[in-house]
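Read the structure below first, then the notes.
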Amino acid sequence: MIDLRSDTVTLPCKEMLRAMSEAKAGDDFYKNDAATNELEAHCADFFGVEAALFMASGTLANQVAIRCHTTPGDDIITDETYHVHYYESASTVDLGKVVLNTVRSPDGILDVSCIERGMLNKHRSNLSNHVSLICLENSINYHGGKIFPLEEAKLVYQFAKTEKIKVHLDGARLLNACAALGVSPNEYIKNADTTMISFSKGLGAPFGAILLGSAEDIHKAVKFRKWYGGGLHQSGFMAAAGLFGLKNNIGQLALDNAHATLLAKQLQGHVVVKPTETNMVMFDVEKLGTTSHKFVHLAQSVGLLLYPWSKYCVRAVTHNGISRDDIIWAADKILEMLS
Ligand SMILES: *Cc1c(COP(=O)(O)O)cnc(C)c1O
């Protein structure tokens, strides 16, 4: 089986498993879990922020960040396609008790004009709810791993500062985007108050994410992480996987991106393929008179796992378990199915 459903499907390699089993764990509640402390110190240094906090998942990190920046009843402005709304609206409403003021941007890029539209779409006074947070995403999952341009992120952050609004960046796959942009993640995340980066995607760890931000925000995040049931004890065994991923697997991401570009190229002209900027390929099977579910089912029968993203859109994601030969094989299989 060649598995292109997601970059979350990877299993830890032997060396990562060894790093996990040899982790110097303690009890993170008492702050003496050395491996977790090491991961958090490494992340703060590596990404150039004041503080970092280990989280069991990306969703938990997003939810804790939202809680840190808002008061129940506040408005969050985000694009309706971003993960905090598209997948997490129930969590955001239930846990954060905030209003998701979603804007539909024309192309997935929530720029300043889109944000202003969200701010102006209801009555604002000191008696009505307050816009306290903007949530951005990079790379943008719904839009096939599209990159949120650095220049736009800068403009949004400048605007947010003048309006006294915080910015949270859902950067689950930020490192794929930065590899493609040729920009350092440190440079990029200067344009947000907090950033989440996932360990269980391209970095190949079985779980985990990191929340990056100011010492003040991370201090609050420790409390809300506990409230949400995400306070861990021997977290060092998990943290060691994330640290291994950061130290060893960032170099792989450019290759994953190149593999997705190669797959998109092979399919172009045979099926409608969305532009591929990072490690995802999305193609449309509507013109073939089939649905994504039927297409994915057929692919499975020949040994290729794909994900039915929407009724007609099929998604393939590259990751460190996929070689160039796998991509060429997968492209051949897809072309055979198309004919
Ligand atoms: C995967 C993902 C998340 C959530 O991460 P989990 O670890 O699966 O909870 C959040 N945002 C984006 C953009 C993602 O792709």
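Listed values, structure above:
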read-out: Count of residues meeting criterion [assigned to a strand (DSSP E or B) and more than 10 Å from the ligand (Cβ to nearest atom)] in the stretch 170-196; value: 2
read-out: Residue that is crowded, with 24+ Cβ neighbours inside 10 Å and within 19 Å of THR102 (Cβ to Cβ), where the choices are GLU137, GLU163, GLU152; value: GLU137
read-out: Boolean, HIS143 is touching a Ser or Thr at 6+ places or on another chain (Cβ under 7 Å) and either surrounded by fewer than 24 Cβ atoms within 10 Å (Cβ to Cβ) or under 22 Å from THR278 (Cβ atoms) (or both); value: yes
read-out: Failed criterion for LEU263 (all others in (1) buried (at least 21 other Cβ atoms within 10 Å of the Cβ); (2) part of a helix (DSSP H, G or I); (3) within 20 Å of the chain's Cα centre (by Cα); (4) among the aliphatic types (A, V, I, L, M) hold); value: (3)
read-out: Residue among GLU88, GLU15 that is more than 19 Å from the chain's Cα centre (by Cα) and either away from the ligand (no atom under 13 Å from the Cβ) or closer than 21 Å to PHE207 by Cβ (or both); value: GLU15
read-out: Filter pass, LEU246 being in contact (Cβ under 8 Å) with a residue 24 or more places away in the chain and either in contact with a strand residue (DSSP E or B) (Cβ under 6 Å, 6 or more places away or on another chain) or surrounded by fewer than 21 Cβ atoms within 10 Å (Cβ to Cβ) (or both); value: yes
read-out: Residue check for LEU212: within 21 Å of the chain's Cα centre (by Cα), part of a strand (DSSP E or B) and away from the ligand (no atom under 14 Å from the Cβ); value: yes
read-out: Single match in GLY242, GLY202 (criterion: within 15 Å of the ligand (Cβ to nearest atom), part of a helix (DSSP H, G or I) and either within 19 Å of the chain's Cα centre (by Cα) or closer than 26 Å to ILE77 by Cβ (or both)); value: GLY242
read-out: The stretch 128-169, residues that are assigned to a loop (DSSP other than H, G, I, E, B) and either within 16 Å of the ligand (Cβ to nearest atom) or within 14 Å of the chain's Cα centre (by Cα) (or both); value: ASN138, SER139, ASN141, TYR142, HIS143, GLY144, GLY145, ILE147, PHE148
read-out: Close pairs (8 angstrom Cβ cut-off, 6 or more residues apart or separate chains): among the acidic types (Asp, Glu) in the stretch 174-191, surrounded by fewer than 20 Cβ atoms within 10 Å (Cβ to Cβ) and modelled with pLDDT of 95 or more anywhere; value: GLU187/LEU150
read-out: LEU203 vs. criteria farther than 26 Å from PRO308 by Cβ and not β-branched (Val, Ile, Thr); value: no
read-out: Residues satisfying the stated conditions in the stretch 311-329, i.e. farther than 23 Å from GLY251 by Cα and either touching a strand residue (DSSP E or B) at 6+ places or on another chain (Cβ under 9 Å) or surrounded by 19 or more Cβ atoms within 10 Å (Cβ to Cβ) (or both); value: TYR312, CYS313, VAL314, ARG315, TRP329
read-out: Test: residue in the stretch 71-80 that is away from the ligand (no atom under 16 Å from the Cβ) and under 22 Å from GLY145 (Cα atoms); value: yes
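The values are calculated or read from the model by the stated rules, or taken from the named source; none is laboratory data. Model, not experiment: these values are computed from the prediction. Because the Cβ atoms are built from the backbone with ideal geometry, glycine has one as well, and the counts that use them run over all protein chains shown.
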